[in-house]
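Taking it in order: structure first as structure tokens, then the write-up.
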């Protein structure tokens, strides 16, 4: 919960009147009250990485559904359900006998067509020589040339049929198209399967690496992109933003991931944009369907300053202001530009100079223009743990 200190127009007027009544607030002003003591911190610029916590769901990196491309009877299942398989590993064997026979027939047809082509080609060559000396008629030569073209086409068709027969025989052995974990088999040996059937035989899922699908507000994403364009927020040189995962039990996932995809459209129903992160998953801790929380790095401010929330006043119009001890130990208001709240601190990206002394305790005793006595701020000690 953000603890914002607000101050309205009436309070600001009262502070201004108080400052005027002090006539500079000096300790030696006619024996007046000594300057109020205020606790300050020195503003120290440092790089600050902006993070956002988003909810997401684990999805597979790849999924391959295994379906037959030829019809036949399943002779064997060649894998153990729930184990890891490698790309190219045989999974099922469809009875290959019909396809071996079809291949043998295609080979014979191709040889016959080739033999006929050889004979016709020789005759066409002879007729070409004879027609020049009028040994055969022009018509006979034309017929021979026409038949040669038909035989060449027949050889091409037979060759294509032979190639198709080889492919069908290969398809009788179903192999894994990707490496991953195979699911349960939905058929047993003896089952009849058909080419292009709707129901799959099994599926192979690649789980390492694995995807985390996330959603983020389109407005928040647009604001970050504007800051990147303006140069106030910088991205890593390789453009890969790091992501950490919080698992359903509250523990942190050991491996870091990277954000590598942002959708180009906004969901009209939710006003969000889809993001996708990739994580290593060597030990299979992340399973498809799991809900997780992701802490996404979204850029770095090169010179941000962290200011305790009690040192920031929300003035008229909702604009943040800090009271700074300036020259002569007099209070000066500084309008701030804040990025976000982190814990009990504001990330300030504009309005303060390095080593500015920001008042974090005694703000209400320090109206603009008043002279104060600054002392270093000492955060309250954390309460001791109860003894058991």
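Do you know which residues across the stretch 214-229 are part of a strand (DSSP E or B) and surrounded by fewer than 16 Cβ atoms within 10 Å (Cβ to Cβ)? Hit for the stretch 214-229 is 217, nothing else. Just one of the listed residues (248, 280, 236) is surrounded by fewer than 15 Cβ atoms within 10 Å (Cβ to Cβ), out of contact with any helix residue (DSSP H, G or I) (no Cβ under 7 Å at 6 or more places or on another chain), modelled with pLDDT under 90 and not assigned by TED's automatic domain parsing to the domain that holds residue 350, and it is 236. Please give the number of the condition residue 208 fails out of (1) part of a loop (DSSP other than H, G, I, E, B); (2) more than 20 Å from the chain's Cα centre (by Cα); (3) touching a residue at least 60 places away in the same chain (Cβ under 8 Å). All conditions pass for residue 208, except number (2).
Of the strands (runs of 3 or more DSSP E) lying entirely inside the stretch 24-115, those containing at least 2 residues that are touching a residue at least 40 places away in the same chain (Cβ under 8 Å) and farther than 26 Å from residue 197 by Cβ span 36-42, 46-59.
Scanning the stretch 169-178 turns up at least one residue that is within 30 Å of residue 261 (Cα to Cα), in contact (Cβ under 8 Å) with a residue 60 or more places away in the chain, surrounded by fewer than 18 Cβ atoms within 10 Å (Cβ to Cβ) and under 33 Å from the mean Cα position of the chain (by Cα). Out of the residues in the stretch 131-144 meeting the condition of being in a helix (DSSP H, G or I) and surrounded by 15 or more Cβ atoms within 10 Å (Cβ to Cβ), tell me which one is farthest from the chain's Cα centre (by Cα). Per the criteria, the residue is 131. Given the structure, is residue 56 crowded, with 16+ Cβ neighbours inside 10 Å, under 30 Å from residue 293 (Cβ atoms), touching a strand residue (DSSP E or B) at 6+ places or on another chain (Cβ under 7 Å) and not assigned by TED's automatic domain parsing to the domain that holds residue 152? Judged against the criteria, residue 56 is a match.
The values are calculated or read from the model by the stated rules, or taken from the named source; none is laboratory data. All figures in this text were calculated on a predicted structure; none of them were measured in a lab. FYI the Cβ positions are ideal-geometry reconstructions off the backbone, even for glycines, and counts take in every protein chain you see.
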